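The structure under discussion appears below in the form of structure tokens.
The values are calculated or read from the model by the stated rules, or taken from the named source; none is laboratory data. Nothing here was measured: the structure is a model prediction, and the numbers come from that model. Cβ: placed from backbone, ideal geometry, glycine included. Neighbour counts: every protein chain shown.
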Amino acid sequence: MSRKTTISLIKCDVGSLAGHHVVPQPLFKIAERNLQQASEKGLINNHIVFNAGDDLELLMVHEKGEANPDIHKLAWDTFKEAANKALELKLYGAGQDLLKTAFSGNIRGMGPGVAEMEIEERGSDPIVVFGADKTSAGAFNFPLFRIFADPMNTAGLVIDPNMAGGFKFEIMDTLENKKVVLKCPEEMYELIALIGTVQRYMISRVWRARDDLICATGSVTRLSQIAVKYVGKDDPVMIVRAQHGLPAVGEILSPFMHSYLVEGWMRGSHWGPIMPVGLEDSKCTAFDGPPRMVALGFQIANGEIAKDDDGKPMVADLFNDPAFELARHEALENATMLRRMGEFEPARLGPQEMEYTTLGQILEKLKERFKPA
Ligand code: 13P
Ligand code: 13P
Ligand code: MG
Ligand code: MG
């Protein structure tokens with residue numbers, strides 16, 4: 001049997017420089033040092049630390065499987081230490097996503113977002129990981145549909161016989177905490193019926209139908225449901241496997257040639273256009289946005305991220321490319337159009353989401369003044 005390797009991408013907003021803008025250097029240093037030490041001890045094989053806006057992202061490759069308590073503890077302890085540093089520096093939102101206090105073996109449900117995938121290594125295993133800021137996990141529904149179910153996006157669905165059997169999607173109902181698996185192309189319409197409701201239904205996993213090969217997994221945490229109030233957006237992560245009977249890296253990136261609207265942005269309360277950016281521009285400014293997405297590509301090789309001659313993991317900053325200039329331009333045009341509408345729907349989220357999060361206090365304040373009409 002071939003080698004089993006696990007990719008764990010665990011993220012947390014531990015505090016930010018100047019509002020909710022970006023992860024500053026001292027927090028990166030803590031993450032880098034802790035993961036380096038974990039590599040030296042043999043807990044993980046190698047890693048990449050990066051940021052999606054104000055979210056600190058720990059990408060770790062190891063052989064311990066998914067939901068491993070030692071890996072999750074490494075992430076938890078690292079976030080705790082970084083949050084303490086953020087507190088000391090009086091950074092904004094220090095420890096924002098650390099919603100629970102005592103770690104008990106699994107970081108899921110404690111605030112940080114988690115995407116993990118254990119794979120049996122193929123001859124060559126290209127991976128793309130995504131990190132987003134100022135949005136929720138539903139932001140991946142649209143691109144995941146296009147990548148794995150839309151033949152107008154993914155030529156391989158039409159051309160590659162290895163993909164002809166289609167893909168299976170696991171969808172979480174985050175309101176009722178239930179899940180369902182739907183298969184495309186047969187159940188494409190039912191799939192769209194659900195995942196078009198991006199605030200409730202979120203794609204958590206995708207498999208190739210003919211052999212159940214795992215090909216995508218995303219974090220589906222709803223922070224507001226853990227905290228029962230608005231505490232910042234979920235700012236999700238996703239891992240996608242590519243090529244050789246799966247969508248090509250270029251097909252995985254194609255949905256991002258255009259911008260589309262996602263929930264989040266200022267105070268997590270607005271629809272905003274997603275802007276695909278390179279790591280250099282992974283920072284939120286205008287109206288705390290626009291919501292941004294980064295994508296990193298790498299190869300899995302013998303239990304780790306393939307390394308260069310100096311032993312450094314090799315990583316491609318995939319959206320750092322003029323090919324996404326049009327999408328960025330579209331995002332900015334749509335951003336200005338939406339902001340001209342101020343606090344009027346549909347620029348602002350609908351009442352259901354608002355009452356559950358940020359509008360509740362206003363309604364409470366006015367309660368007594370409402371008279372029968
Ligand atoms: P594979 O089937 O080897 O992934 O090739 C497809 C391709 O190269 C298109 O990018
Ligand atoms: P984050 O969830 O990225 O911390 O953003 C919070 C916010 O309220 C932005 O306006
Ligand atoms: Mg923040
Ligand atoms: Mg954030």
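Within segment 309-320, being part of a strand (DSSP E or B) and either exposed (fewer than 14 other Cβ atoms within 10 Å of the Cβ) or without any contact (Cβ under 8 Å) to a residue 24 or more places away in the chain (or both) holds for one residue alone: A316.
For the subset of segment 257-278 comprising residues that are farther than 26 Å from V231 by Cβ and surrounded by fewer than 24 Cβ atoms within 10 Å (Cβ to Cβ), which member is nearest to ligand 2 (Cβ to nearest atom)? Per the stated criteria, the residue is G278. Of P112, P69, P126, all but one fail to be within 16 Å of ligand 1 (Cβ to nearest atom) and either under 21 Å from V237 (Cα atoms) or within 14 Å of the chain's Cα centre (by Cα) (or both); the exception is P126. Here Q299 fulfils each of the conditions (1) under 22 Å from D234 (Cα atoms); (2) more than 19 Å from the chain's Cα centre (by Cα) apart from (1).
The residues on offer are A327, A323, and the sole one that is assigned to a helix (DSSP H, G or I) and either surrounded by 16 or more Cβ atoms within 10 Å (Cβ to Cβ) or free of Cβ contacts under 8 Å to residues at least 60 places away in the same chain (or both) is A327.
Scanning segment 225-238 for residues that are of a type outside the set (D, E) and part of a loop (DSSP other than H, G, I, E, B), we see that the one that is surrounded by the most Cβ atoms within 10 Å (Cβ to Cβ) is K233. Looking at segment 272-281, is at least one residue within 14 Å of ligand 4 (Cβ to nearest atom), under 25 Å from E120 (Cα atoms) and touching a strand residue (DSSP E or B) at 6+ places or on another chain (Cβ under 6 Å)? Taking every residue of segment 272-281 in turn, none turns out to be within 14 Å of ligand 4 (Cβ to nearest atom), under 25 Å from E120 (Cα atoms) and touching a strand residue (DSSP E or B) at 6+ places or on another chain (Cβ under 6 Å). Residues in segment 344-359 that are modelled with pLDDT under 85 and touching a Phe, Trp or Tyr at 6+ places or on another chain (Cβ under 9 Å): Y356, T357, T358. Among the residues of segment 227-253, the ones that are within 15 Å of ligand 3 (Cβ to nearest atom), at pLDDT 95 or above and of a type in the set (D, E) come to 1 in all. Within segment 89-106, the set of residues being within 12 Å of ligand 2 (Cβ to nearest atom) and touching a Pro at 6+ places or on another chain (Cβ under 9 Å) comprises L91, D97. Apart from one condition, A67 fits all of (1) on the phi > 0 side of the Ramachandran plot; (2) within 16 Å of ligand 4 (Cβ to nearest atom); (3) surrounded by fewer than 18 Cβ atoms within 10 Å (Cβ to Cβ); the exception is (2). Residues that are in contact with a Gly (Cβ under 9 Å, 6 or more places away or on another chain), within 16 Å of ligand 2 (Cβ to nearest atom) and touching a residue at least 12 places away in the same chain (Cβ under 8 Å) occur in segment 122-130; there is at least one.
Scan segment 113-122 and tell me whether some residue there is among the acidic types (D, E), within 16 Å of ligand 4 (Cβ to nearest atom) and either closer than 28 Å to P291 by Cβ or out of contact with any helix residue (DSSP H, G or I) (no Cβ under 6 Å at 6 or more places or on another chain) (or both). Don't jump to the end; show me each part of the working.
Of all residues in segment 113-122, those among the acidic types (D, E) come to 116, 118, 120-121.
This time we only want the ones that are within 16 Å of ligand 4 (Cβ to nearest atom), so: none.
No: zero hits.
Screening P291 with (1) over 19 Å from N51 (Cβ atoms); (2) surrounded by 16 or more Cβ atoms within 10 Å (Cβ to Cβ); (3) not hydrophobic (A, V, I, L, M, F, W, C) gives one miss only, at (1).
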